[in-house]
Amino acid sequence: MKLVTSALIMTFLSFNAFAARGPASSEKPTEFKFVFNPQKYVSATKDQKNPSFTIVKTGVSKDVAFKLAAKDCYQKLTGGKYPGEERGLDIIDICANPKM
């Protein structure tokens, strides 16, 4: 199960590689806003609440901007540390389902 979780996390983070491509000559970057709500999925523990937060990203498409925002969301919620299998899957679920 740990292997599956690691594979899911790596796949999720590797989406950023697609976003690294430069814009086509006819596409102009656009700003997109994504609202993430961790409280919906993860119960507030350790005397901290998880209010909604917004990430604004610029990309040539909404898909490109979403991939960048999802990576930032994961980094924000994990603090750069391995969150554990169950919590990691919850965080991936949060970052993969923003309000738009």
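Summary table
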{"quantity": "Boolean, K49 is exposed (fewer than 12 other Cβ atoms within 10 Å of the Cβ) and modelled with pLDDT of 60 or more", "calculated": "yes"}
{"quantity": "Pairs with Cβ under 6 Å, 6+ apart, first in the range 73-100 and of a type in the set (D, E, K, R), second surrounded by 12 or more Cβ atoms within 10 Å (Cβ to Cβ) and not in a helix (DSSP H, G or I)", "calculated": "D90/Y41; D90/V42; D93/Y41; K99/V35"}
{"quantity": "Scan of the range 50-100 for residues that are β-branched (V, I, T) and in contact with a Gly (Cβ under 9 Å, 6 or more places away or on another chain), ordered by number", "calculated": "V60, T78"}
{"quantity": "Selection within the range 48-78 - within 18 Å of D93 (Cβ to Cβ), in a loop (DSSP other than H, G, I, E, B) and of a type in the set (S, T, N, Q)", "calculated": "N50, S52"}
{"quantity": "Flag if G84 is at positive phi, within 14 Å of the chain's Cα centre (by Cα) and modelled with pLDDT of 60 or more", "calculated": "no"}
{"quantity": "Any hit, the range 29-40, residues being modelled with pLDDT of 90 or more, buried (at least 19 other Cβ atoms within 10 Å of the Cβ) and among the basic types (K, R)", "calculated": "no"}
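The values are calculated or read from the model by the stated rules, or taken from the named source; none is laboratory data. Every value quoted in this text rests on a predicted model; they were computed, and no experiment measured them. Positions of Cβ are backbone-derived with ideal geometry, glycine not excepted, and every protein chain shown enters the neighbour counts.
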